[in-house]
Amino acid sequence: MEKTKILSGAFTVWQKSMFTRTSLTPLARELGVSKAAIYRYFPGKDSIIDTMEEYFAGKYRENTPRMLEVLEAKCLKEGIEGYTRELIAFLSGNPGFIRFFISRLYHQYRRETLPFWPIIEKEALLLQERFIATGFEKEESALCVRYFYTHVLSWAHLLTGNGLNETEVYGYVSVIATSFFEGFAPPGLPEVPYKTVEKEIRVLPEAFPEENRIINSLLAVVAKEGIEGASISRIAEEAGYSKSTLYSYFKNKNSMILSILKNHAEAVDRLYTRFCSGEYPVNETIYRLILLISRYLCQTPSFLVTLNWLRFQSPRSGNNSKGGMESLQDRLPRFVQVMKNRECRSFGLAPERLMGILWFQLIREIMDLYGNSAPGSTPQEKTVPLRTLQILFCEGLEGIERRHQ
């Protein structure tokens, strides 16, 4: 057993389901060794993840000169297409990096301690400067940059979850870039009546008695250690219970989170019927969805944690049950129907995968709101980022450019 083999196994496990800080069992199983064999090379679980951070940052740093070179192309579109190609090539050449890359982007609150952040921020700043030079506003440019990274990575994540390996994803570079520029809605739709929709949609949080002290403890642990660190032991400790008491409520962490999902999915489905089921153009329906989910998530952090957890689950993980975004989409089938029945441009993606890209974008936007809010407070809604998100998803970057002409 060598350190490099353990490291490779850790990325493989992360790509399959997520390597956790609280258990080495999945890694030991992947490598076919005992946990004691792993401890010979690493003093603890955290040291493995720290080493993964350094390894990932080092590999990414090797590509930085080429990344910056293509971003500086004279034509903005040419630069973004080239940068997309380099990002996908990086992921294709390093199996196991896709989910790790996504999780690093969602850890902005740890940017000062992650070795990857100074590297990616240099590229993101250059990309933002390109948008500003095109005529975009500063905040708008930052939103476009955030959308771009999530767009590329969600495509890669969903394609690998659909059976492709990392190398095969490279064949989709042109499609990924085109969908970023053109969006997923058909052209020629009327402008969304943003102010009217924003006045109409009102969301009040529903009370779920069963989401008591245990659920609050789960949220507290996730806030401190991330979803991967929320073990049953830590949740029980936070709640002041024994593990056996916790197990009397739920069989395991998955059943705990899936019970949250069930309750909130039913509540959101009722809101969907009320606010989104009319015969609206697809771009307005998508904005209604974005606004509805945003307002609901800002008031119900347990649902946000559930969605964040679901993004990283394997498509068919768990015992006799669907995992990943499939589990959510099964409970919210009408959301998927929006993509199927409203004639969205799918670029070859199945409707549930197309919905998955929108979920990735929206969850990251809400996570950013949470990251800029005081601990324990309710994030203050900003409709400008949500409008921009809708334009980017429906019309792509070209939709933003048209509004500056």
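Computed FRET efficiency, Cβ-Cβ of K199 and T51, R0 41 Å: what is it to the nearest 0.05?
E(calc), rounded to 0.05, equals 0.20.
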Explain nothing, just the number: relative contact order of segment 3-182, from Cα pairs under 8 Å at least 6 residues apart, as a whole percent.
24 percent
3J(HN,Hα) from dihedral phi, segment 271-288, Karplus parametrisation 6.51/-1.76/1.60, rounded to Hz, x for glycine, proline:
5, 4, 4, 6, 10, 10, 8, x, 7, 8, x, 4, 5, 6, 4, 5, 5, 4
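Is the shape of segment 46-179 rounded, prolate or oblate, going by the alpha carbon gyration tensor and its root eigenvalues a ≥ b ≥ c, with a/c under 1.5 for rounded and a/b larger than b/c for prolate? Before the final figure, lay out the partial values.
Numbers: a/c = 1.70, a/b = 1.19, b/c = 1.43.
Oblate shape, in that a/c is at least 1.5 and b/c is the bigger or equal ratio.
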With each pseudo-label sitting 7 Å past Cα toward Cβ, what's the Y39-N216 distance in nm, one decimal?
3.6 nm
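Which FRET efficiency value, to the nearest 0.05, do you get for T178 and Q405 by plugging their Cβ-Cβ distance into 1/(1 + (r/R0)^6) with R0 = 30 Å?
Values: r = 20 Å, r/R0 = 0.68.
My answer for the efficiency is 0.90.
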Could you tell me which of G171, F136, G161 has its Cα farthest along the dipole of segment 3-182 towards the positive end, charges placed at Cβ (Lys, Arg +1; Asp, Glu -1), taken about the Cα centre?
G161
Mind checking which lysines have their C-alpha under 26 Å from K45, skipping anything on the same chain fewer than 8 residues away?
K3, K5, K16, K35, K59, K224, K243, K251, K253
Estimate the FRET efficiency between A89 and K243 by the formula 1/(1 + (r/R0)^6), using the beta-carbon distance for r and 35 Å for R0, to the nearest 0.05.
0.15
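Where a number appears in this text, it was derived from the coordinates with a stated rule and is not lab data. The structure displayed is predicted, hence computed values, not measured ones. Every residue, glycine among them, receives a Cβ derived from its backbone with ideal geometry; neighbour counts consider all protein chains shown.
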